[in-house]
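**Student:** Quick one: the structure is below, questions incoming.
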Amino acid sequence: MSTWLLFLTLPSYALDAPSFDPDQPVHVVPTDHDFRTQRIVEAVELADYPTYVVVYEHVLGEGLDGWSSATERAVEETWSAWTPHPDFNPAESFVVVLALDDREVRVLSGSRWDAAYGLHGEKLGQLIDESFMPLAIARDLEGGLAELVLALDEATAKALAREAARERMASQAKTVAKGIIVAIPLVSLALGFLAWWWVGVRARRRYEEAEAEQRAALARAEGVLSAFTVDVELRDQLVALRLKGPKTTALLAGVTSGIDDLRDGLRTLQRRIDAVDATTEGLSDLRAGAWKAARADLDGPVRVERDDAIPRLFDGELPETETELSTFEDTLVERFEDLYTTWELLLDAAEAAGVPAATTLPPAELDELKERLDTIGAPRSWLASHPLAEDVEATLDALDALRTADPVDYLQQLEAAEERADAVEALVQHLEGLSNAIGEHEAKLDDLPVDGLDTVIDLDRDDPLVAAAEVDRASEALQRAIDAGTDLEAVDAAGAALLGAIGEQARRHRAIREAVDGAHGSIVNAEREVARLTERYTTARARLDAAGGAHAPETLAGAEREAVDAQTDLEEARTALGLAKAALGDKRHVAAARHADEAVRELTEATTDLQDLSEILDRLTEHRTSAQDLYRQLDAARRTALDELTQADGSASSLKSADQLRVTLEQTWSSGPADWAERERLVKEILSGWRSAVTRARATQRALREAARAAARAAESRRRASSSFGSSSRRTTTSSWSSSSRSSWGSSSSSRSSRSSSSSSRRRSSSRSSRSGGRRSSRSGRSGGRKF
């Protein structure tokens, strides 16, 4: 039977019970709350009867509504929220609520456990005292909840066992001769026997689960250690390494003894499990203590001893140590990774012992590097750090001698030599890459010849010969850095300078060619644009002058600035265009193109100025048109506002403020130049004032009508109350007589109050019962709880 754990954090002022979800066993809300649940989950997985645990961070709130505590209210409301769910069994479930802020735990049992077996109230409190409280006092709430879940499950199992025993005894009594009375002590003995048997069943089951888990862990460890596989050939190679130098023998001893140590530990733990399992053969379920002891033996430490039945990879005594399965499995991966690294080194050394050094460091590769340096014009001094640079034969002979004497030491030195050779290879590649980049730049420059062009260069910044001289200087600096044969950073810096110089020379060649081909066309286009913009400026200037008759001067200030800027830009464009024509006449094509470009930039600025001028004039025209249209609507708007005020029972005096503003506007209104934006604003303010007065009048009218309706309703209520006074008095007298009659049968006024309170409580209980889907819910101690 699945058992669920839900962890909730709720606001202190209200309880929001979690949704019942049969497919999600664990809920943590909020996720960052530090409340461990692992042991609770393990406990609920072992339980046979449905038990649900809810941990609330907050249950305290205003008023208890008759409950003895906020936690009791929480467990009842949680139960009520879950009862409608079809997968929740209100007859055979337990709900455990732990309230952290209220410091209380409460248990509510299903109707079957409650009615048939008495698992409610103080009985549940005793279970809490025995299982939860000792750990809660020690501040182990997680462990306390886990033990409480198991205690509820065990109490239910015992109750069911006693019921089964009673049923069997009753059945046997019916089959025996009539009149025989079964002695009550015999029934008690049978019930005790069944409870004892059930405890043993639980102990056996927990032992079997622990044993299965340990065997699975050992199987995983076997899979890890299977990486260390040694066949006959490899074993012979490893044995041969025992006669080598100190680094090889030390590595061999460490690796092989480490493997043997792990395997001995694994075999020892396997034997321990087999031995413990043998002690349980034929063990009865009535031997709960023996089953518990067997489980304890599985978890205890065991001394690792040498297993002579396993072939040794290396002779020698291993120290005896103590370990246990959890420690062994936790450290296995870390130990395996460290050991496997040295194991691979040992295998590589065994393999390298039979391979000559010249196979790994072939002299032909060094000869190839020399040829590559000669090709790019670099000295061979760049190969000085190569392991074979000084004396090829002597270096290889020394490595081969070390390979025979101490393969591990040889392998380490060989790897270092390979790293140096790779570094030299990378250096040569870097020099080749720089040489190729310079060649590509020079090829692009060759594609832009300027020899034979009929043009005059009058500035050094445009002269390709000046750039060519800079290229020569940078090339010489690069060659000096390469010839030094030691400083790669200096070579890179000189190479970057040369690439930049070649790029600048190419830019000048490109500019000269483009100017010779395109300077004349640029000048023609600029002349055409100057003419077009001059005509556009003339039209805009005329429009601006005409606007002076309708708009105040201060409103035209921005437009005047844009007109002046446009005129200035046009004049500067004409000047630049004249210089371009003169330079073209002298065949100074680069200068002509530069002046033509300057003219185009000035024309672009003039275009922007004229656009801004047009937009300003358009806005001024819009303000004037809008102000005039709205001004003509004032009379009609005033009459409409007055009519609407009359319908809303408003006063015409509420229009006075806007009327005064209208008078002021009419006194200043004229057909001459004006600030039309300001006039438009004033007309809109007048219209808005009239509309606001109408809106306020309508709101006042609605409020008065609502007040009148409210007064009428109140008067009607008083009238009805007055007409029913006589009958109400008679009913009050009868009720008083009835209460007095009951009091004459020995009841005091306090008892009547008690019955009234009890009746109120029953009504609340009945209401809760209807929300709980028919489960009896009251506040008379059905749930059991304890403060901690």
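**Student:** In segment 103-125, which residue that is in contact with a strand residue (DSSP E or B) (Cβ under 8 Å, 6 or more places away or on another chain) and open to solvent by 10 Å² or more (accessible area, probe 1.4 Å) is farthest from S783 (Cα to Cα)?
**Tutor:** Going through segment 103-125, the residues in contact with a strand residue (DSSP E or B) (Cβ under 8 Å, 6 or more places away or on another chain) turn out to be 103-110, 113, 119-125.
Restricting the remaining residues to those that are open to solvent by 10 Å² or more (accessible area, probe 1.4 Å) gives 103, 106, 120-123.
Working: R103: 16, R106: 7, H120: 6, G121: 5, E122: 8, K123: 9 Å.
Only one residue fits best here, namely R103.
**Student:** Moving to a separate point now. Please determine whether any residue of segment 670-682 is aromatic (F, W, Y), within 30 Å of E554 (Cβ to Cβ) and touching a residue at least 40 places away in the same chain (Cβ under 8 Å). Let's see the steps before the verdict.
**Tutor:** First pass over segment 670-682, keeping only residues aromatic (F, W, Y): 676.
Retained after the next criterion (residues that are within 30 Å of E554 (Cβ to Cβ)): 676.
Next cut, touching a residue at least 40 places away in the same chain (Cβ under 8 Å) only: 676.
The answer is yes, given that some residue of segment 670-682 is aromatic (F, W, Y), within 30 Å of E554 (Cβ to Cβ) and touching a residue at least 40 places away in the same chain (Cβ under 8 Å).
**Student:** With the requirement that a residue be farther than 19 Å from K581 by Cα, surrounded by 11 or more Cβ atoms within 10 Å (Cβ to Cβ) and of a type in the set (A, V, I, L, M), what does segment 520-545 give you?
**Tutor:** Within segment 520-545, L533, A540, L544 qualify.
Rundown of residues vs (1) hydrophobic (A, V, I, L, M, F, W, C); (2) modelled with pLDDT under 95; (3) part of a helix (DSSP H, G or I); (4) crowded, with 18+ Cβ neighbours inside 10 Å, yes/no style:
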residue	(1), (2), (3), (4)
L448	yes, yes, no, no
L465	yes, yes, yes, no
D483	no, yes, yes, no
A493	yes, no, yes, no
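**Student:** Does segment 362-406 hold any residues that are at pLDDT below 90 and among the polar types (S, T, N, Q), and which are they?
**Tutor:** Hit for segment 362-406 is T404, nothing else.
**Student:** May I pose another question? Specify which of the listed residues (A426, A437, A416) is within 27 Å of A477 (Cβ to Cβ), under 51 Å from the mean Cα position of the chain (by Cα) and loosely packed, with under 12 Cβ neighbours inside 10 Å. If you could, list the steps in order and put the result at the bottom.
**Tutor:** Numbers: A437 fails: loosely packed, with under 12 Cβ neighbours inside 10 Å; A416 fails: within 27 Å of A477 (Cβ to Cβ).
When all the criteria are applied, what remains is A426.
**Student:** Specify which of the listed residues (E666, E571, E622, E680) is assigned to a helix (DSSP H, G or I) and crowded, with 17+ Cβ neighbours inside 10 Å.
**Tutor:** Working: E666 fails: crowded, with 17+ Cβ neighbours inside 10 Å; E571 fails: crowded, with 17+ Cβ neighbours inside 10 Å; E622 fails: crowded, with 17+ Cβ neighbours inside 10 Å.
Unique residue meeting the criteria: E680.
**Student:** Write out, first by first residue and then by second, each pair whose Cβ atoms fall under 7 Å of each other, whose residues are 6+ apart or on separate chains, and whose first residue, in segment 493-507, is aliphatic (A, V, I, L, M) while the second is outside any helix (DSSP H, G or I).
**Tutor:** A506/L448
**Student:** For segment 657-681, how many residues are of a type in the set (S, T, Y) and within 17 Å of L620 (Cα to Cα)?
**Tutor:** Looking only at that region, the number is 2.
**Student:** May I ask you to list the residues in segment 546-563 that are farther than 15 Å from Q611 by Cβ and open to solvent by 60 Å² or more (accessible area, probe 1.4 Å)?
**Tutor:** Of all residues in segment 546-563, those farther than 15 Å from Q611 by Cβ come to 546-557, 560.
Result: A546, P553, E554, E560.
**Student:** Same structure again: Residues T568, T538: which one is of a type in the set (S, T, Y) and touching a helix residue (DSSP H, G or I) at 6+ places or on another chain (Cβ under 9 Å)?
**Tutor:** Working: T538 fails: touching a helix residue (DSSP H, G or I) at 6+ places or on another chain (Cβ under 9 Å).
Step by step, each of T568, T538 is checked, and only T568 is of a type in the set (S, T, Y) and touching a helix residue (DSSP H, G or I) at 6+ places or on another chain (Cβ under 9 Å).
The values are calculated or read from the model by the stated rules, or taken from the named source; none is laboratory data. Treat the numbers as computed from the prediction; the structure is a model and nothing was measured. Every residue, glycine as well, gets a Cβ built from its backbone with ideal geometry; the counts of neighbours run over all protein chains shown. For accessibility, only protein heavy atoms count, side chains too; no ligands or nucleic acids. Shrake-Rupley method; radii C 1.70, N 1.55, O 1.52, S 1.80 Å.
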